[in-house]
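Asker: Mind looking over this structure? Questions follow.
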Amino acid sequence: MYSSNDLYTNPKPCKHLAEYKVKNGMCGYNLIQDCFRTTPYGRTTLEMSKLEIPRCSVCSGCQGRLYMCLICSSVFCCLSPESNHALLHSQSQDGHEILVDMERAELYCSVCCDQVYDPDFDKSVMCKHIKGFSRSENGVEESEMRLSKRRRLSFGMDLDSKNMKRLFIRKSKSCFPLGLRGLNNLGNTCFMNSVLQVLLHAPPLRNYFLSDRHNREICRKMSTDRLCLPCDIDLMFSAVFSGDRTPYSPAQFLYSWWQHSENHATYEQQDAHEFFISMLDKIHDKEGKASLAIKDNRDCQCIAHRAFYGLLRSDVTCASCGFTSTTHDPCMDVSLDLSACNSSRKDFASKSSKPNESLVGCLDLFTRPEKLGSDQKLYCENCHEKQDALKQMSIKKLPLVLCFHIKRFEHSPTRKMSRKIDRHVQFPLSLDMKPYLSSSIVRKRYGNRIFSFDSDESDASTEFEIFAVVTHSGMLESGHYVTYLHLRNQWYKCDDAWITEVHEEVVRASQCYLIYYVQKMLYHKSCEDFSCQPMSLRAETFVPITGCC
């Protein structure tokens, strides 16, 4: 880990992995080391033969995820809990519980039916890459090594640090901004890594933690909690912005998050949007208590709310007399439907013929008046009875950091199944949110004679710049998350431990799931603060920006 702390312990491996290592040590890891391959997209896989397609030793199938036993090298499938040949193998052969996911080159326990993490296994993968890197300097094709999915040893593992830094720094001729550092995948944690990259580069949070606004030493003295998620986030900021370019393993953070969110304590793939909201909630739970104790007002002063808190306005208008009922709802993000997707459809057997969408079109749809169904009639206070009504959404208060959640997953009630909407969404680099503010929407509805609006809108900047995009590739049940960061007019792809420069066309061709904008003045200030050179963790560059910290 980046630093040691007696209050924290690393996640313990499952007992089956511990028993395997006692009996076999590193033997199995070393035997399969030469079988690791790197895909053109930088993912490490296990390839036993270039000529034969791997098949299950029981059913000879090649569908679904395949796992190779570390003891006998046999391959087994796991299509469902009812058809789990990997588990059957471990039940018939004592000591054959640990396998390797051939698609992701990650350890898997067939008894626990879950991914397991072992730093020694990562060491075996990493040594393979370093050997290949040394050969590339002697004339062997170097492009394969530049595309390799690199992993850094965590938990204090000792591996030639000189070769490690050469491997990770020479990948680009240009100088990467400070804080641009890969995050190791700890077992299906790409959903977590993608969101963490966004939070690490969100200007309000970056300024808050690097300005020592959450001091770990003071927090430990004042709090009786042994586990503090903001402390782990602060530790991660310090590590990522230390100037070290080798990938960082957020295992301590993952363990702390598990303790705060027990229902998420699993190595299974999870939804990045749900993790993002959960993260903000946990930060608020800790920071909000302290801020409300200092600030005697109704507005929470925690950094999560200062950065992401916004307010939505909902107007429901009676179709008979024109009476309007207005409500306001707090939000940490704005969820947008794709315009070609009608939630009232009863089936989605046929795909939409509209291949592309735009963020502006989704915002227009979000703020468009919608006729409520017969089961959603408004009880009109003027008519004193339920009436047909129109509902219109708008944004009452803009946050400093604006997150758009693209609803890519829809459910069919008749078929009782869900699917992912594979459609590209075009987005602008600069976005003016003025047309979607409540003041603009209401004036458009009633004309300019309408009353004035309060300071929630008039004092806020409506111009935003994009700084991060989280994308999802694959199917609904399984897939991979990647984050693209827009720093100093350059796009960077953050694919777990692998950081690369990419062109804007690559980002636009991806399937964006979360799109993050920051107020323009904060974006330009952030670009000025970034440096290629390592700096003090509490440097004066990161002084709090007015209005965000």
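The values are calculated or read from the model by the stated rules, or taken from the named source; none is laboratory data. Note that this is a predicted model, so its numbers are computed, not measured. We place every Cβ from the backbone using ideal geometry, glycine too, and count neighbours over all the protein chains shown. Quick note on the areas: whole protein, heavy atoms, side chains included, nothing else; ligands and nucleic acids left out. Shrake-Rupley method; radii C 1.70, N 1.55, O 1.52, S 1.80 Å.
Asker: Ordered by packing density, taken as the mean number of other Cβ atoms within 10 Å over each peptide's residues, highest first, how do 435-445, 58-68, 461-471 rank?
Answerer: Working: 435-445: 18.4, 58-68: 15.7, 461-471: 21.1.
Top to bottom by mean Cβ count within 10 Å: 461-471, 435-445, 58-68.
Asker: Heavy atoms only, 1.4 Å probe, whole protein assembly: order GLU370, GLU505 by accessible area, highest first.
Answerer: GLU505, GLU370
Asker: For each pair in LYS396/LYS520; LYS282/LYS371; LYS377/LYS444; LYS371/LYS444; LYS286/LYS397, compute the distance between the two Cα atoms and list the pairs where it is over 28 Å. Show your work: numbers first, answer last.
Answerer: On the way: LYS396/LYS520 19 Å; LYS282/LYS371 37 Å; LYS377/LYS444 24 Å; LYS371/LYS444 18 Å; LYS286/LYS397 24 Å.
Too far apart for the 28 Å limit: LYS282/LYS371.
Asker: Using protein chains only and a probe of 1.4 angstrom, how many square angstrom of ARG245 are accessible, to the nearest 10?
Answerer: 50 Å²
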